[in-house]
């Protein structure tokens, strides 16, 4: 892994928990780069969670399929996000993770990561805090979306993912909000009209 990638990874981990030099040395020797082209999958439903990844560059989506084959986006991943195919290693995942833009990742096998967490309590603390943040955000978003209007959901999206509306297709945003692209276009026009000066 290049030095820039290691610095970026270090900065992201430090926002959760400070780590000793021994952790950075261990990660530098055990992590590896992985690239995804647009529309490539990091993992698909039915895969086992075997890798823990850091998104160095790009945009990914986590999505699931309905029984009718419709795609619904559960979450978007941006630069400096951590992720894996599922939160329970060793079990098959029921979601898909796909690149919406070319992406650069820094990965480590979960087996190696678990070994390091056993050796370094600070790394274990980082992982616990990361998991807690993910679960809290997931709960808050799902609770909010239960009663929010389409316009409120879109404003939530804009606040949660600043600038992302200019990086991905609008139908991908509609799939996240649980509305049709036509409904999203109407909401965008309404918001632009309200927010425009005069």
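Quick note: the coordinates plus some simple rules give every number you see, no bench work behind them. For clarity, every value in this text was computed on a predicted model and none was experimentally measured. Note that each Cβ is placed from the backbone with ideal geometry, even for glycine, and that neighbours are counted across all protein chains shown.
Counted by neighbouring Cβ atoms within 10 Å, the residues 84, 115 run from fewest to most as 115, 84. Model label points for residue 2 and residue 185, set 7 angstrom from Cα along the Cα-to-Cβ axis, are 4.0 nm apart. Once the Kirkwood radius over Cα pairs is known for region 148-191, the Stokes-Einstein relation at 4 °C and 1.567 mPa s delivers a diffusion coefficient of 127 µm²/s. In this simple spin-label model, placing a label point 7 Å from the Cα along the Cα-to-Cβ direction at both residue 111 and residue 44 gives a separation of 2.4 nm.
If I compute volume of the Cα convex hull per residue in Å³ from the structure I just sent, which labelled value in [x] 134; [y] 248; [z] 111 lines up? Label of the calculated value: [x].
Using Cα atoms only, what is the angle between the long axis of helix 110-119 and the major principal axis of the chain, expressed in degrees (0 to 90) to the nearest 10? Helix 110-119 and the main axis of the chain meet at about 60 degrees. So what's the angle, to the nearest 10 degrees on a 0 to 90 scale, between helix 21-30 and the longest Cα principal axis of the chain? In the chain, helix 21-30 runs at an angle near 80 degrees to the longest axis. Could you tell me how many degrees, from 0 to 90 and to the nearest 10, lie between the Cα long axis of helix 150-160 and the main elongation axis, the longest principal axis, of the Cα atoms of the chain? Tilt relative to the chain: about 30 degrees.
In terms of Cα atoms, the Rg and Dmax of region 70-153 work out to 15.5, 48 Å.
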